[in-house]
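Below you'll find the structure, written out as structure tokens, and then a few comments.
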Amino acid sequence: RTTMKSLRFISAEAFVSNAAFARKSLGDVAHDLFPLLFKASYLLEQGEVIHDLVENWPLFDFNMGKLLGATLDYQEDLSQRTCSVCLESCLTGLRDYVLNQSSPYMKKLKVVDLTGIKDVEVQFCKCKKTMGRWARTQLLSKLCSDLLVYLQQAQCNPGIFEISINVLIDLFVTERNYELVLQALLKKCSCPLKICCVAFRSDNLTLQKFFYIIKLTDPSLLCKLEIVHNVHLEMEHLEMLFNSVHFPQLMSLTLPARTFNVRRFTATDEQMLANIGEKMGEMTQLTELSMSFSILTGRIQKLLSPLKTPLKMLDVSNCSLNHADMAFLANSFHANHLEALDLSGHNIPELYPSTFFKLLRCCSSVLRSLTLEDCNIQDTHVNMLILGLSPCQKLQEFKFIGNPLSSQALKHLFTFLCELPMLKNVEFPVPRDCYPIGITYPIDDGSLCRFDHQKYDRVAEELNLILTQANREDVKASTPLFGSYDAAVQETNNELGAYLIKSFKETLEKFTTSFNKMS
């Protein structure tokens, strides 16, 4: 698909395609043409030109999302291109903007917004080398530290110390880049480039380090907080966090697996849960909440009823919800506002079919994403599912892998899915009849790939044919056996893998020591 370009954009491409000429001529370029030249340079991956454009940026703000997004001159959105060449040139250009003493323009830049960059699975840049969120965090922190060292050592123009640029970024901190980010945040006051954390993700970090660094990020500005893999945050730690740190702007909260476990609750724990609910109620901007793989049986009401703002996104996958929990969700004021809902890991057809469909009916006018993985949806439930999904005319994404459905049932379901006008992404299970007879659900990891791959390919082809015949080539259908693409996990999987091996080794050593003592 080719996107139309204006004559202005075609001229901009021609100008930046000769890097040496473009760099030499920047001093003669009108200020209002810099955004146009930046997008053209980004499209052509002209790193040197990007660097010089940023180094001499003549405007008050530099917003990556707006600069790369759809414009009148070129409609294509380039904000999903996390091209390493372009982003590195951009950030080093920002450093040199501070250091450049011979820039022909008065230094007006006050705000740099890097939050509009989106990390996606498929990259279209020619270099095919991406710079993900973790690497962007790493590079910006390093540049801030290098800048400070340079300013302390060199004879600089005193005007440099008057430069103050807020750099808005989504930070991603793990054990490996912790020290570098920490130093950049500690010395923020002295640095002309001031890291302003809008979203914070933490993986593979001790609680002590997490608590220390989160306070340095200026939590009053934080809109999104993700505490995900290998951060051993339990309920008492969450209460401590909410008691010691205030998040007035927080809109989105993701908690790690096993934050809550009601099976070992005491009276003190019940009070603690109520306190956490009240603290979340004080976060008046909170509209997205993810608490997957916690055990929350019978406690959803206690946790969510204090919220004063309706949730737009709720992930309670694998949280062992009971009928009372589902009834609360279906009857709560959240139900009419849910745009994204994940109820994976619950036996919906057996436990609470009517309550679930009531919830689905309530959110049908706004629901964009529905995830029902490993929910024991069988062939006999497909007609009821179709009935429940029919009003969901805004649904863009439906994920239901891990359900024991036959290829015939999937074809029936796909014929209906073609009728949902906004649908763009479907994740469907390997048909039950592709697995050996007697396979039990949920399928364990060891058996997950032991199916008839040729038969699966034939069925997948037939399902795609149903989409094609209905003129729905715009719908992407796939079977990600080990879960959807996660850019953050993809970028740091080596570190996470090393951490898991280390944890396993330590557990094994403790077991061996205990066993030897018993012997």
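If you fit an axis through the alpha-carbon atoms of helix 7-17 and take the longest principal axis of the Cα set of the chain, what angle between them do you get, 0 to 90°, nearest 10?
70 degrees
Apply the a/c threshold of 1.5 to the C-alpha gyration tensor of segment 395-456 and tell me whether it is rounded, prolate or oblate. Show your work: numbers first, answer last.
Details: a/c = 2.63, a/b = 1.97, b/c = 1.34.
Prolate, since a/c reaches 1.5 and a/b exceeds b/c.
Can you list the lysines whose alpha carbon is less than 17 Å from that of Lys194, not counting same-chain residues fewer than 8 positions off?
Reachable lysines: Lys107, Lys108, Lys110, Lys142, Lys215.
Rounded if a/c is under 1.5, else prolate if a/b beats b/c, else oblate: with a ≥ b ≥ c from the C-alpha gyration tensor eigenvalues square-rooted, which is segment 200-502?
On the way: a/c = 1.86, a/b = 1.54, b/c = 1.20.
Here segment 200-502 falls in the prolate category.
Thr130's amide H: which non-local residues (gap 5+, or another chain) put their own amide H closer than 5 Å, with H modeled 1.01 Å from N in plane and none for Pro or chain starts?
Ser84
About the Cα centre, and with charges only on the beta carbon of Lys, Arg (+1) and Asp, Glu (-1), how big is the dipole of segment 200-502? Nearest 20 debye, please. Let's see the in-between values first.
Numbers: 26 positive and 34 negative charges, 91 e Å.
That gives a dipole near 440 debye.
At a Förster radius of 56 Å, what calculated FRET efficiency corresponds to the Cβ-Cβ distance of Cys156 and Asn471, to the nearest 0.05?
Working: r = 63 Å, r/R0 = 1.12.
With R0 = 56 Å, the Cβ-Cβ based efficiency is 0.35.
Would you work out the charge dipole size for segment 7-131 about its Cα centre, treating the Cβ of every Lys and Arg as +1 and the Cβ of every Asp and Glu as -1, and quote it to the nearest 20 debye? Can you show the working numbers first?
On the way: 14 positive and 16 negative charges, 28 e Å.
My answer is approximately 140 debye.
Quick one: net charge of Lys24's neighbours, Cβ under 12 Å, K/R +1, D/E -1? Don't jump to the answer; show the numbers that get you there.
On the way: positive: Arg23; negative: Asp28, Glu48, Asp52.
Spelling it out: positives minus negatives among the neighbours equals -2.
If you roll a 1.4 angstrom probe over the protein chains with everything in place, what fraction of the accessible area of the chain belongs to carbon and sulfur, to the nearest %? Let's see the in-between values first.
Numbers: 13530 of 24740 Å².
Carbon plus sulfur share of accessible area: 55 percent.
Just to confirm the number: angle between the C-alpha axis of helix 487-518 and the first principal axis of the chain, 0 to 90 degrees, nearest 10?
On a 0 to 90 degree scale, this one is about 60.
What spacing in nm lies between the two simple spin-label points modelled at Lys128 and Lys411, each 7 Å away from Cα in the Cβ direction?
With each label placed 7 Å out from Cα toward Cβ, I get 3.8 nm.
Tyr485 versus Ala267, label points 7 Å from Cα toward the beta carbon: distance in nm?
The modelled label-to-label distance comes out at 5.3 nm.
Any idea what the dipole of the chain comes to, in debye rounded to 20, about its Cα centre with Lys/Arg Cβ at +1 and Asp/Glu Cβ at -1?
Details: 52 positive and 57 negative charges, 113 e Å.
So the dipole magnitude of the chain works out to roughly 540 debye.
Using a Förster distance of 41 angstrom, determine the FRET efficiency expected from the C-beta separation of Ile386 and Asn493, and round it to 0.05. List each step's numbers first, then the result.
On the way: r = 37 Å, r/R0 = 0.91.
Computed FRET efficiency for Ile386 and Asn493 comes out at 0.65.
In deg cm²/dmol, rounded to 500, what helix-only [θ] at 222 nm does the chain give when every DSSP H run of at least 4 residues adds -39500 (n - 2.57) and the total is split over its residues? Walk me through the intermediate numbers first.
On the way: 19 runs with 221 residues, N = 519.
One gets -13000 deg cm²/dmol as the mean residue ellipticity at 222 nm.
Given [x] 17, 37, 28, 7, 6, 4, 1, 0; [y] 19, 47, 30, 4, 0; [z] 20, 52, 27, 1, which label gives P(r) over Cα pairs in 20 Å bins from 0, in percent as computed from the coordinates?
Evaluating P(r) over Cα pairs in 20 Å bins from 0, in percent on these atoms matches [y].
Over what distance in Å are the Cα centres of segment 172-235 and segment 242-274 separated?
Segment 172-235 and segment 242-274 have Cα centres separated by 19 Å.
Full extension from Ser6 to His453: what is 0.36 nm times the residue separation minus their Cα-Cα distance, to one decimal in nm?
Working: separation 447, 0.36 × 447 = 160.92 nm, distance 4.73 nm.
Full extension from Ser6 to His453 adds 156.2 nm.
What length, rounded to one decimal in nm, is gained on full extension from Asn464 through to Lys215, with 0.36 nm per residue of separation minus their alpha-carbon distance?
On the way: separation 249, 0.36 × 249 = 89.64 nm, distance 4.95 nm.
That works out to 84.7 nm of additional length.
For segment 242-292, just say rounded, prolate or oblate: build the C-alpha gyration tensor, square-root its eigenvalues into a ≥ b ≥ c, call rounded for a/c under 1.5, and beyond that prolate if a/b exceeds b/c, oblate if not.
Working: a/c = 2.55, a/b = 1.50, b/c = 1.69.
Taking the square roots of the gyration eigenvalues as a ≥ b ≥ c, segment 242-292 is oblate.
The values are calculated or read from the model by the stated rules, or taken from the named source; none is laboratory data. Remember, it's a predicted structure, so these values are computed and weren't measured experimentally. Please note: Cβ atoms are built from the backbone with ideal geometry, for glycine as well, and neighbour counts cover all protein chains shown. Only protein heavy atoms, including side chains, enter the accessible area calculation; ligands, DNA and RNA are left aside. Shrake-Rupley method; radii C 1.70, N 1.55, O 1.52, S 1.80 Å.
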